[in-house]
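The values are calculated or read from the model by the stated rules, or taken from the named source; none is laboratory data. This structure is a prediction, so every number in the text was calculated from the model and none was measured. Using ideal geometry, Cβ is built from the backbone for each residue, glycine included, and neighbour counts are taken over all protein chains shown.
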Amino acid sequence: MGFDLALDLPVPHVRLAASVCREDGGTRVYDRPQQFAVECANPMPVVLDETFAWRANYLSSLAWVKLVHPRIEFEGVSSMAERVDLYDSAYTNYGSDVYRQVRMETYGEDFGQTSWVTTEESREIPKRLDLKPNSSVLEVGCGSGGYALYVAKTVGCRLLGLDVNAPGVHNANQLAAARGLAARVHFEQCDASKNLPSEDKTFDAVFSNDVLCHLPGRSNVLGEMLRVLKPGGRMLFSDALVIGGMLSHEEIAARSSIGFYVFSPPGENERLIEQAGFRDIHVVDTTDSAAQIAKRWHQAREKRRKELVAVEGNRSFEGLQGFLSCVHNLTTERRLLRYLYCANKAS
Ligand SMILES: C[S@@+](CC[C@H](N)C(=O)[O-])C[C@H]1O[C@@H](n2cnc3c(N)ncnc32)[C@H](O)[C@@H]1O
């Protein structure tokens, strides 16, 4: 696959998203520069046609590339909120001091978090799930793996962590080996909006911290979580995108700038959890602590602006700061709510 993001663009400040159509008929949508950088090795020329559709011919003609939705800024005025990278840089730079310091200052304890989970909530989750040393546990959206390893170490259980992000999963497996937990804890790259890669009735508990809002098809996701649970197993997930009040299209765009998101009306998660077949649904409002995390994360990054800009670049740094400010405003004003949902599979 030949493509180079370091393009000499004839229009300034064009943000790129692209669908790559392969000769075999498959299509892959790319919306992050890092994905291009990893997956596309060689540079290729790109031209802008009159309709503002970017087109480029693949070097060996095995595929063609059409770049869609160019976001064009004129004199600093953006037509949409720009796409902002959070996970790739957080997981790729997991081990760097500045990222570690930001996590420590944000959460108080470093589990490699990229979420709104407070340390208090992190400590409660194993109890809510009634984890025991002989439990078999699934984490959906484990990020760089630090929290899964904390759970496995403190409880003594076995755990499978799934995440779509390759640097996150790579980091997680390296940490498992380095901490001597690889025999009990394993991480796999997987798109959790598809069917989960486990047999029916495998796990005593399934949990997912701030991930389901990234996945299309919540009914199917919940159905899969139920399927892989043993009878009597426990399920827990959090959703920071429950609509609590009026939102402008700019706020929705800024809140969604780090990736695909699903916003839920109040009560919809409860309805879908029940419809999937879970019982004993318990809901906790954690909106205030999410607001606090957003504020501390923003402040911790601001204090280290120079070092972070050196790693992320100015545009990404500012983009993520804007995202964190947006989360803080919307949760403080309770126009977006975060809830924790716990439920059981019938015995
Ligand atoms: C808010 S972060 C939470 C990560 C971790 N649970 C934590 O508490 O720090 C959301 C995670 O969901 C993952 N994710 C997004 N889309 C996904 C998908 N389709 N399948 C699996 N994981 C996904 C991201 O890569 C990211 O690690």
For a quick check of your reading of the model, give me the residue pairs whose first member lies in the range 309-328 and is of a type in the set (D, E, K, R), whose second is in a helix (DSSP H, G or I), with beta-carbon atoms closer than 7 Å and at least 6 apart or on different chains. Glu312/Ser89
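Can Tyr94 be described as within 28 Å of Ile258 (Cα to Cα), of a type in the set (Phe, Trp, Tyr) and either over 17 Å from the mean Cα position of the chain (by Cα) or assigned to a loop (DSSP other than H, G, I, E, B) (or both)? Show your work before the answer.
Values: within 28 Å of Ile258 (Cα to Cα): yes; of a type in the set (Phe, Trp, Tyr): yes; either over 17 Å from the mean Cα position of the chain (by Cα) or assigned to a loop (DSSP other than H, G, I, E, B) (or both): yes.
Spelling it out, Tyr94 is indeed within 28 Å of Ile258 (Cα to Cα), of a type in the set (Phe, Trp, Tyr) and either over 17 Å from the mean Cα position of the chain (by Cα) or assigned to a loop (DSSP other than H, G, I, E, B) (or both).
Tell me whether the range 309-320 contains one or more residues that are among the small types (Gly, Ala, Ser) and within 17 Å of the chain's Cα centre (by Cα). Lay out the reasoning, then the answer.
So in the range 309-320, the residues among the small types (Gly, Ala, Ser) come out as 310, 313, 316, 319.
Restricting the remaining residues to those that are within 17 Å of the chain's Cα centre (by Cα) gives 316, 319.
Yes: the range 309-320 contains one or more residues that are among the small types (Gly, Ala, Ser) and within 17 Å of the chain's Cα centre (by Cα).
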Of all residues in the range 143-173 being more than 16 Å from the ligand (Cβ to nearest atom) and either in contact (Cβ under 8 Å) with a residue 60 or more places away in the chain or surrounded by 16 or more Cβ atoms within 10 Å (Cβ to Cβ) (or both), which is farthest from Pro133 (Cα to Cα)? Arg158
Within the range 200-219, residues surrounded by fewer than 17 Cβ atoms within 10 Å (Cβ to Cβ) and under 22 Å from the mean Cα position of the chain (by Cα) come out as Pro216, Gly217, Ser219
Some residue of the range 250-263 being over 25 Å from Thr331 (Cα atoms), of a type outside the set (A, V, I, L, M) and either at pLDDT below 95 or in a strand (DSSP E or B) (or both): no
Which is in contact with a Lys or Arg (Cβ under 9 Å, 6 or more places away or on another chain) and at positive phi, of Gly233, Gly319, Gly259, Gly267? Gly259
The range 246-271 residues that are without any contact (Cβ under 8 Å) to a residue 24 or more places away in the chain, paired with ones that are of a type in the set (A, V, I, L, M, F, W, C) (beta carbon under 7 Å, 6 or more apart): Pro265/Ile243
Among (1) surrounded by fewer than 19 Cβ atoms within 10 Å (Cβ to Cβ); (2) out of contact with any Pro (no Cβ under 9 Å at 6 or more places or on another chain), Val262 falls short only on (2)
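Does Glu105 meet the test of being surrounded by fewer than 21 Cβ atoms within 10 Å (Cβ to Cβ), among the charged types (D, E, K, R) and either assigned to a helix (DSSP H, G or I) or more than 13 Å from the ligand (Cβ to nearest atom) (or both)? Write out each step before concluding.
On the way: surrounded by fewer than 21 Cβ atoms within 10 Å (Cβ to Cβ): yes; among the charged types (D, E, K, R): yes; either assigned to a helix (DSSP H, G or I) or more than 13 Å from the ligand (Cβ to nearest atom) (or both): yes.
Spelling it out, Glu105 is indeed surrounded by fewer than 21 Cβ atoms within 10 Å (Cβ to Cβ), among the charged types (D, E, K, R) and either assigned to a helix (DSSP H, G or I) or more than 13 Å from the ligand (Cβ to nearest atom) (or both).
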Of the residues in the range 198-233, those that are away from the ligand (no atom under 11 Å from the Cβ) and touching an Asp or Glu at 6+ places or on another chain (Cβ under 7 Å) number 4
Options Lys132, Lys127: the member that is over 23 Å from Ser89 (Cβ atoms), in contact (Cβ under 8 Å) with a residue 24 or more places away in the chain and over 14 Å from the mean Cα position of the chain (by Cα): Lys132
